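Read the structure below first, then the notes.
The values are calculated or read from the model by the stated rules, or taken from the named source; none is laboratory data. Note that this is a predicted model, so its numbers are computed, not measured. Using ideal geometry, Cβ is built from the backbone for each residue, glycine included, and neighbour counts are taken over all protein chains shown. SASA here: full protein model, heavy atoms, side chains in, ligands and nucleic acids out. Shrake-Rupley method; radii C 1.70, N 1.55, O 1.52, S 1.80 Å.
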Amino acid sequence: MQLVKVENLCKTYGKGDTRVNALKNASFTLEKGEFAAVVGESGSGKSTLLNCIGGLDTPTSGKVLLGNRDLFAMSEQERTVFRRRNIGFIFQSFQLVPELNVEQNIIFPLLLDYKKPDQDRVEEILEVLGLKDRRDHLPCQLSGGQQQRVAIGRALITRPVLVLADEPTGNLDSDNSRDVIELLRQASRRYQQTILMITHNQNLISSVDHVFRVHDGILTDLGGAFL
């Protein structure tokens, strides 16, 4: 079942001599439950692609459809609500709230949407992420790997159909990086969530279902993970 459809996505910054074509007619699809990766060097356009797919940035032209909804046919307010309820984000810098403990950080997106957390769901996520014994700890009391696990839990708690991960292992060592990739793979299998991960580390893509490459704003479909 097709979940994401990107059609001729273009993003241009600046004008004249300062004009930069960050994305050039990118087109692809993702299936429900698929774990895909976009690889490319720094400045290639891969983060711009992720931000447009997540509705955080507006493309110059083209479409992004999630299910049967066109993100950029919505008003900004409609897109904000739709994004909060359907898309989870995992960032390299974790972006946890320092005053909140592990459990509070995980349920924070639900509270923003005035929803009562399902405690069974919270317990399941804490268990899957190996954070039950850290639920009352503040971010400053956690390792980098544990903080990234909290960020993954926060992205999963709303049951989003799409999870976007921007260099989720960028601040982690190799062991924690492998753990994070495995947790994302489990999420795609266990919860049938579609996951799109941006990375420059090709050593991390052996577990994904599909690989794309972005170079100078041009997206190439590399197919299944055979690298």
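Using DSSP to define loop residues, name the GluC sites (Glu not before Pro) in the stretch 121-207 whose beta-carbon has at most 13 other beta-carbon atoms within 10 Å. Here no GluC sites (Glu not before Pro) fit, given the DSSP loop and packing criteria.
Evaluated with a Cβ-only charge set (Lys, Arg +1; Asp, Glu -1), the stretch 1-138 carries a dipole of roughly 580 debye about its Cα centre, given to the nearest 20.
Given axes a ≥ b ≥ c from the Cα gyration tensor, I'd like to know whether the stretch 161-227 is rounded (a/c under 1.5), prolate (a/b larger than b/c) or oblate. Before the final figure, lay out each step's value.
Working: a/c = 1.62, a/b = 1.20, b/c = 1.35.
Verdict is oblate for the stretch 161-227.
May I ask which of 5/116; 32/116; 46/116; 11/32 have a Cα-Cα span longer than 30 Å here? Violating the 30 Å Cα-Cα cut-off are 5/116; 46/116.
If you roll a 1.4 Å probe over the chain with all protein chains in place, what percent of the accessible area is carbon or sulfur? Mind dumping the intermediate values first?
Values: 5030 of 10910 Å².
It is 46 percent, rounded to a whole number.
The stretch 176-197 and the stretch 122-144 have Cα centres spaced 17 Å apart.
Exposed loop chymotrypsin sites (Phe, Trp or Tyr not before Pro) only (DSSP loop, at most 10 other Cβ atoms within 10 Å): please give the longest stretch of the chain free of them, not including the sites. Walk me through the numbers on the way to the answer.
On the way: sites that count: 114, 226.
Looking at the chain, 1-113 is the longest stretch - no exposed chymotrypsin sites (Phe, Trp or Tyr not before Pro) with at most 10 other Cβ atoms within 10 Å.
Size estimate for the chain follows the Kirkwood approach: the inverse of mean 1/r over distinct Cα pairs works out to 17.9 Å. Per residue, the convex hull spanned by the Cα atoms of the stretch 58-193 measures out at 126 cubic angstrom.
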